[in-house]
Amino acid sequence: MRANSIALMVTVAAVLGAVTFPNGAAARTTSERPSSILIFPKVVSDGTRDTFIQISNTANSVVHAHCFYVNSYPICEGIGDCQQGTCTGACIPQWREVDFNITLTKQQPAHWGAGLGRIAQSVEPCSFITDSKERNYDCYGSGLPTLGRIPPVALPFEGELRCVEVDQSGAPISGNHLKGEATLINRDGDASKYNAIGILGEPFTNNGDQTLCLGGEPSAECPTGAEYEGCPDRFWIPHFAAGADNPILGPTSTVRTELTVVPCQVDYELSALNLTEVTLQFRGINEFEQIFSAATNVECWRSFFLDDVNPIFTARFMQTRLVHTSMRPSAGSPSSIATIVEEIHEMPNGATARAAYNAHELGEFGESSDPPKNEVITLPAGP
């Protein structure tokens, strides 16, 4: 991570540290405890940025996981590129899913670059930095041979990674042995990092089938009830208003806030044929305690700037530097969500740096949370 990035993170922590959070219900997911399901909401590999994934086994025994990449990068049905705004036809998200398995020995951490993947079975010594001081990507194939081959993502990629703890036969289990981190690195060396969102498994209700039940009561789809803790559906996010200056860097600096949101409910069996769409509701409170509201939709995966959702999130509209924003799915949405936040700081000289962090989970606008929804993750049927 560059020194500028570190300085900016310290600045953000110092400025936002004075912001108080309302009391609320305990979080349903975790970014610190070992879990049975890991969600990495933001994985990018597009030639400019790449994402380095780390997953650790905290158990004193071998642990297996079944992982899924989902690529939402839009495909141009005409000529040009959707992300650059040059597409002459319709831009259609591809929702392409790729799965793979990993095996971790006791207390083993493993890491790989999304755009590089990791070849299996090499145990030769490897120097990560070559004699020419360049990064040696062959090292991603070194180490213990038990990990397994991890495919590189198809470029360009923007989407999510999700890993489910399974037993040796591939059946899901509530072992709670996995922790994860993701580091997004720009070509210029700037980096931002967040913890994977962990969903804890219930120890006695997991029946090991392909339907993973998150929260809720027993139902026809989930006869034993919740096999995993439910996902949260309410968040508080303290942030700079878009375009506000960083007080440490001076009046010509600016800050923008980008959210990445995925529904917790997903169907890997039907993939693009059964997408989950969520309507998000926002309530922003400025430093004068004035309240503003906005809404937007998320289908399967979306990364967006708050001021692109609505100009109320700009400093010009808010008339304050700092904002409290609460976010929740609408009452009619079929799923709760997982989210991470990135702040983009532009310095007076035009250079930019990012700082990522996990959103703060709470009840509805500081009140008690609703009972968990009955949500499911559907895994593909075995061979």
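Values quoted throughout were computed directly from the atomic coordinates according to the rules given, and no laboratory measurement underlies them. Quick caveat: nothing in here was measured; it's all calculated off a predicted structure. Every residue, glycine as well, gets a Cβ built from its backbone with ideal geometry; the counts of neighbours run over all protein chains shown.
Among 72, 45, the order by Cβ neighbours within 10 angstrom, fewest to most, reads 72, 45. Per residue, the Cα convex hull of the stretch 29-208 amounts to 139 Å³.
In terms of packing, defined here as the mean over residues of other Cβ atoms within 10 angstrom, the peptides 334-343, 74-83 line up highest first as 334-343, 74-83. Each peptide in 214-220, 226-232 was scored by the mean count of other Cβ atoms within 10 Å over its residues; highest first, the order is 226-232, 214-220.
If each residue of separation counts as 0.36 nm, what is the full-extension length gain between residue 305 and residue 33 once their alpha-carbon separation is subtracted?
95.0 nm
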